[in-house]
Amino acid sequence: MRGLPQLLSRAKRVRVGFSASEPVLAIQAGILQPDKFTQTFVQLRGLQSSNVISQAPLAAVADTDSGKQLRQELETIVGPGNVSSGESVVLQHGQDEGPHQGKSPDIVVFPSSTEEVSEICKICTKHNIPIIPYGTGTGLEGGISAVDGGVCVNVSKNMNKILQIHQEDFSAVVQPGISREMLNQEVRADGLWFPVDPGADASVCGMCATGASGTNAVRYGTMKENCLNLEVVLADGRIIHTAGIGSRPKKSSAGYNLTSLFLGSEGTLGIITSATVCLHAIPESVAAAVVGFPTVQNAVDTVVMTLQCSVPMARMELLDEVQMKACNEYSGLSYPETPHLFLEFHGSESEVESQTETVRDIAADNEGGEFQWAVQQEDRTKLWTARHRAYYADIALRPGCRSLTTDVCVPVSALPDLVTATKADIAEHGLVGPMVGHVGDGNFHTMLLFDPADPEEFRKCKEVANKMARSAIALGGTCTGEHGVGQGKMVLLEEQFGKDGIDVMRQIKGALDPQQLMNPGKVFSRN
Amino acid sequence: MALKVLVGCKRVIDYAVKIRIKPDKLGVVTEGVKHSMNPFDEIAVEEAMRMKERKLVNEIIVVSCGPAQAMETIRTALAMGADRGIHVEIPVDKMDTFQPLHVSKVLAKLAEKEKVDIVMLGKLAIDDDSNQTAQMTASLLDWPQGVFASKIDKTDAGLEIIREVDGGLETIRTTLPAVLSADLRLNEPRYATLPNIMKAKKKKVEKMTPADLGVDMAPRIQIVSVEDPPVREAGQTVADVDDLVAKLKEKGFSSA
């Protein structure tokens, strides 16, 4: 049986240091967001040793003469009420939902139109000030941390309209202030929905910036498959439309695929000021099912076989036995403490019935236990409670602990081995690491719990996380399936792409952002 | 013996909209504002649908009183699965004086005309919060009422209803016909799907006026004024505990 060491021997060996923001927290529950200002962050700060070389931070922008001039110019563009350097405002705008200690920007501006965003970028370019776009601040990788200070451009507060809904064309055009739940609320009366569901109620444009995904990706795709066009403001203030001005056809062969370029660029190439996204028909019938297995291998085999049978699963989530125990304790449930699959089927009534039958049989063939299923909305909600509250159940396992959450994604055929090897590695290191996975995509998260006051435990978590990412890369996968690179995985990105791959990214960045102002310190290093 | 249900649906300002008071302070701005079906009415339609799926009900008639746009609400209910609709047309300028008593009279007349077994309503509408229509309709018809229902079951003799009341849950039994009103936890309504929205366009909707039903529209309630709640004042920072205590005393919060 292959273990991680053998897998690793195929990976390149590169020195890994702590960068300013390694730990990652996945919020899969998506109901409450953790309180950002807990004591834990203060403790966590002590753990981070920064040996990443970054630019010398800017002098406090607000207090210098040029700072005052900058502020005045910004106020002229957006109005004095829409510029702030208040302590709590900047603090909030530098800190996302992950455990990275974010760095605050110097000034936050709240533009009300694409033209204002363009003018802001021109001013920042003139003064050589970093620009950090901000949507809902629900990211997990420290993507909004202003590592070199600068101007944070909050595009969600005032730019919050749904610009167009095209019911017959199944698309909508939204501004950054529209979150996915807001969009869903608006279109459901038309029998439509927006299926990309990363858990948090994130800004749709923000989801484009990070290339977000979620539990429905196995059937409906990620943001990349659901975005038709983006309006982007570049560092120099130019406004472009990545698929053409006002374009929203289902397909196009016109020019370079700029939409793909900006999707997932994490604010390093431009600011997204509107997104044209795909909508889907609300399924006629939905059924949910939960089934337990003796081992993770059984569960993952079931997943692989189901996909091989081409069953159009809408959701396929794996919760391992550690996670199930946590869920039982937290939500007062009584599932057997074994790995479970949480499934959802979409389609017409007859399609859903036949899909359910097929999967029930496959599960049984793989030693599956009782196959619970439900059709009624309330029953489905109850059935999925365990999965929805998974993250909070994990934190409750060891009160006061934090979680370093991994996010690897591999081809589905490689999943069984990687999951098994990962669990062995977690056990070897003596860690508690419940596992939740969008196994239909070959993507899984382990919540590696650590005591914030114990640097040795944190170091072990880092070791496991990095090993896992390297194994994933070696198996033909990726170091991040959906959370993005932010600051924490920059080194892993280099390993995944090789020097030439990253150099091409650097060249593109250099062409579009020669002054290196757009969200510095993210995705890859300057050189 | 399958039952016939009349479900009332009201078109209200969407719950997520920020309400603005009209300059004349006699109402709220409705022009150009997003409207949708009253959430409790969605629950009522859903319950009727579930009873139909359990073969307890064989016909669901949805009725809405209002101007032309009330048709949208009826179509939504039809898309959820109701069989046919009745649109009781009220001109826009009469909407301000169209009140729960009028609705009750309309529903009572329709219940008799259509010979229904159950009148199913939402417990209240989120715009006026009146919580009167179901009760008045039952009274006009002299039918039993099961309001704030969180569970409805059929028995041999009629219905068994669990009601949400202040002290907890109350179980009552009524004969049929009866008037029911839906509370929040009765069910989670389904979403209208595209095929059902298409089918709904072909379902029959009858139009009529209150006069056709012999209902007089004279208002019984006069709105005197509508005002915003007081504007939230800025907070005050206090220097230290002594300052805080002094301020509390000043505002009359301390007896010491």
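Kindly provide the set of residues from the stretch A:432-463 that are crowded, with 19+ Cβ neighbours inside 10 Å, without any contact (Cβ under 8 Å) to a residue 60 or more places away in the chain and in a loop (DSSP other than H, G, I, E, B), ordered by number. The answer is A:Gly442, and nothing else.
Close Cβ contacts (under 7 Å, 6 or more residues apart or on different chains) running from residues in the stretch A:95-112 that are closer than 18 Å to A:Val155 by Cβ to residues that are surrounded by fewer than 21 Cβ atoms within 10 Å (Cβ to Cβ) and among the small types (Gly, Ala, Ser) comprise A:Asp106/A:Ala60; A:Asp106/A:Ala62; A:Asp106/A:Ser85; A:Ile107/A:Ala62; A:Ile107/A:Ser85; A:Val108/A:Ser84. Within the stretch B:62-120, being under 17 Å from the mean Cα position of the chain (by Cα) and within 14 Å of chain A (Cβ to nearest Cβ) holds for B:Gln69, B:Met71, B:Glu72, B:Thr73, B:Ile74, B:Arg75, B:Thr76, B:Ala77, B:Leu78, B:Met80.
Every condition in (1) of a type in the set (A, V, I, L, M); (2) buried (at least 19 other Cβ atoms within 10 Å of the Cβ); (3) in contact with a helix residue (DSSP H, G or I) (Cβ under 9 Å, 6 or more places away or on another chain) is met by B:Leu184 except one, and the failing one is (2).
The set of residues in the stretch B:182-235 being among the basic types (Lys, Arg) and within 14 Å of another protein chain (Cβ to nearest Cβ) consists of B:Arg185, B:Arg190, B:Lys199, B:Lys201. Residue-level check: of (1) under 25 Å from A:Pro520 (Cβ atoms); (2) among the hydrophobic types (A, V, I, L, M, F, W, C); (3) over 18 Å from the mean Cα position of the chain (by Cα), A:Leu263 misses just (3).
Against the numbered list (1) closer than 27 Å to B:Pro195 by Cα; (2) aromatic (Phe, Trp, Tyr); (3) in a helix (DSSP H, G or I), A:Tyr391 comes up short only at (1). Of the set (1) surrounded by fewer than 23 Cβ atoms within 10 Å (Cβ to Cβ); (2) of a type in the set (S, T, N, Q); (3) assigned to a loop (DSSP other than H, G, I, E, B), all apply to A:Thr480 but (1).
Of everything in the stretch A:175-226 that is in contact with a Leu (Cβ under 6 Å, 6 or more places away or on another chain) and among the small types (Gly, Ala, Ser), the residue that is farthest from the other protein chains (Cβ to nearest Cβ) is A:Gly211.
Residue count for the stretch B:194-213 under the criterion of being open to solvent by less than 60 Å² (accessible area, probe 1.4 Å) and outside any strand (DSSP E or B): the result is 9.
Exactly one residue out of A:Leu140, A:Leu163 is at negative phi, more than 14 Å from chain B (Cβ to nearest Cβ) and at pLDDT 95 or above: that is A:Leu163. In summary, A:Gly206 fulfils each of the numbered conditions (1) open to solvent by 40 Å² or more (accessible area, probe 1.4 Å); (2) assigned to a helix (DSSP H, G or I) with the single exception of condition (1). How many residues does the stretch A:483-506 hold that are under 23 Å from A:Ser145 (Cα atoms), open to solvent by 40 Å² or more (accessible area, probe 1.4 Å) and not charged (D, E, K, R)? Number satisfying all stated conditions: 2. Applying the condition of being of a type in the set (A, V, I, L, M, F, W, C) and assigned to a strand (DSSP E or B) to the stretch A:360-388 and asking which residue is most open to solvent (accessible area, probe 1.4 Å) yields A:Trp373. Of all the listed residues (B:Leu26, B:Leu6), the sole one being more than 16 Å from the chain's Cα centre (by Cα) and touching a residue at least 12 places away in the same chain (Cβ under 8 Å) is B:Leu26.
The values are calculated or read from the model by the stated rules, or taken from the named source; none is laboratory data. Predicted, not measured: the structure shown is a model, and the values here were computed from it. Counting neighbours? That spans all protein chains shown, and the Cβs are built from the backbone with ideal geometry, glycine included. Surface areas here come from the heavy atoms of the whole protein model, side chains and all, with no ligands, DNA or RNA. Shrake-Rupley method; radii C 1.70, N 1.55, O 1.52, S 1.80 Å.
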